[in-house]
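Q: Dropping the structure in here first, questions after.
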């Protein structure tokens, strides 16, 4: 059991599991439309009262064969993502910092997320090196098994993705809406043989998260941005960019989203 795995530098005693199901709809926003998109969301939604804005950091795990990446890139009906997530920037960290081990499972457009809070020393987050897991591997595998995830293949940290998020709630229904931009990535799995340079993806992503496929009427006005629904995955998109050769035209754009000027 996870409660038996402890040390002076890590603790799961304050951790908790969360699980829910929701429908996610994502819209890619070209760079030129980002100011208008943010302004529009501010007019048709309320800023989140608790966490209106912040930085999100996610360290994604995968197998050596990149099974999770392949399923996401291929758009498989069933797919999973495993990550350790934490919030804000290094300047705000000291002592023990909460991170969240998450298993995100998708079945079509529906997603279910399970997470557990774990305390780790801030220094681990300030100095993330190649193949650094941040959390003890036994805790990771034990927690994932409690979530119902079992893999015969070894999991390794692959890529660190950081972005800014603005959080909103639709006025009438309370539907959660987020706007993500400044999406950057750094490759952690040096064994993959790709560049470790920090890459910034162009544009942003609007996510609408609710209980059904129907989008609230007020949010339908987003259509004036001329955007379309996409199954964009930050993990797959950023890893795909890292795999592109240096100087490639599409390296800084999500697949199929290059804007012709």
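Q: Taking square-rooted eigenvalues a ≥ b ≥ c of the alpha carbon gyration tensor, is the stretch 24-243 rounded, prolate or oblate, where a/c under 1.5 means rounded and, failing that, a/b exceeding b/c means prolate? The partial results should precede the final answer.
A: Values: a/c = 1.61, a/b = 1.50, b/c = 1.07.
It is prolate, given that a/c is not under 1.5 and a/b is the larger ratio.
Q: Can you tell me the order of 58-66, 149-157 when each peptide is scored by its average per-residue count of other Cβ atoms within 10 angstrom, highest first?
A: In decreasing order of mean packing, 58-66, 149-157 become 58-66, 149-157.
Q: Which distance in nm do the two modelled labels at residue 85 and residue 149 give, with both placed 7 Å along the Cα-to-Cβ direction?
A: 1.2
Q: With a/c under 1.5 counting as rounded, go ahead and sort the stretch 20-114 into rounded, prolate or oblate using the C-alpha gyration tensor (a ≥ b ≥ c being the square roots of the eigenvalues; past the cut-off, prolate if a/b is larger than b/c, else oblate).
A: Since a/c reaches 1.5 but b/c is at least a/b, the shape of the stretch 20-114 is classed as oblate.
Q: Please work out how much length the chain gains when fully extended from residue 221 to residue 24, using 0.36 nm per residue of separation minus the C-alpha to C-alpha distance, in nm with one decimal. Present the calculation step by step, with values, prior to reporting the outcome.
A: Values: separation 197, 0.36 × 197 = 70.92 nm, distance 1.77 nm.
Full extension from residue 221 to residue 24 adds 69.2 nm.
Q: To continue, here is another question. Quick check on packing: order 42-49, 233-240 by the mean number of other C-beta atoms within 10 Å, highest mean leading. Working shown, then result.
A: Numbers: 42-49: 14.5, 233-240: 23.4.
Answer by packing, highest mean first, reads 233-240, 42-49.
The numbers here are math on the coordinates, done by the rules we state, and not lab data. Here the structure is a predicted model, which means the values were calculated and not measured. Note that we place each Cβ from the backbone using ideal geometry, even for glycine, and neighbour counts take in every protein chain shown.
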